[in-house]
Amino acid sequence: MSAQTDTSASVTTVYQVTGMSCGHCEGSVSAEISQLPGVTSVKAVASSGEVTVVSAAPLDDEAVRAAVDEAGFELAGKA
């Protein structure tokens, strides 16, 4: 089950991240994922664990996993 949407200019993917509990957590995850090449927007929501990423092209799941790990959280998969 993939929550990936292609538009003419971008790809939106929703990931499920475990362990986020506050705004600081959201910021940490957003900052790490934002550094990935092609990422144009990141919105993390601690209450749902969802992280919505807009990028120029589909992202490598392992790169996203590494970014989330670097922030101190765990990528559970795509929402």
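The values are calculated or read from the model by the stated rules, or taken from the named source; none is laboratory data. Note that the structure is a prediction, hence the values are computed from the model and not measured. Please note: Cβ atoms are built from the backbone with ideal geometry, for glycine as well, and neighbour counts cover all protein chains shown.
Just give me the residues in the range 26-78 being without any contact (Cβ under 8 Å) to a residue 60 or more places away in the chain and of a type in the set (D, E, K, R), in sequence order. Please lay out each step first, then the result.
To start, the set of residues in the range 26-78 that are without any contact (Cβ under 8 Å) to a residue 60 or more places away in the chain comprises 26-74.
The answer is E26, E32, K43, E50, D60, D61, E62, R65, D69, E70, E74.
Could you check how many residues of the range 49-79 are more than 17 Å from G23 (Cβ to Cβ) and part of a loop (DSSP other than H, G, I, E, B)?
The number of residues fulfilling the criteria is 6.
Of all residues being over 17 Å from A66 (Cα atoms) and part of a loop (DSSP other than H, G, I, E, B) in the range 10-48, which is modelled with the lowest pLDDT? Just the residue, please.
Residues of the range 10-48 over 17 Å from A66 (Cα atoms): 10-12, 21-24, 40-41, 43, 45-48.
Now drop any that are not part of a loop (DSSP other than H, G, I, E, B), which leaves 10, 21-22, 46-48.
On the way: S10: 92, S21: 97, C22: 97, A46: 97, S47: 97, S48: 97.
Checking each candidate, the answer is S10.
Within the range 28-48, track down each residue that is of a type in the set (S, T, Y) and farther than 16 Å from T18 by Cα.
From the range 28-48, those of a type in the set (S, T, Y) are 28, 30, 34, 40-41, 47-48; that's our starting set.
Hits for the range 28-48 are S34, T40, S41.
Would you confirm whether or not the range 48-60 contains a residue that is among the aliphatic types (A, V, I, L, M) and surrounded by fewer than 13 Cβ atoms within 10 Å (Cβ to Cβ)? Can you show your working first?
Here is the first cut: in the range 48-60, the residues among the aliphatic types (A, V, I, L, M) are 51, 53-54, 56-57, 59.
Still in the list and also surrounded by fewer than 13 Cβ atoms within 10 Å (Cβ to Cβ): 56-57.
Yes; the residues of the range 48-60 include at least one that is among the aliphatic types (A, V, I, L, M) and surrounded by fewer than 13 Cβ atoms within 10 Å (Cβ to Cβ).
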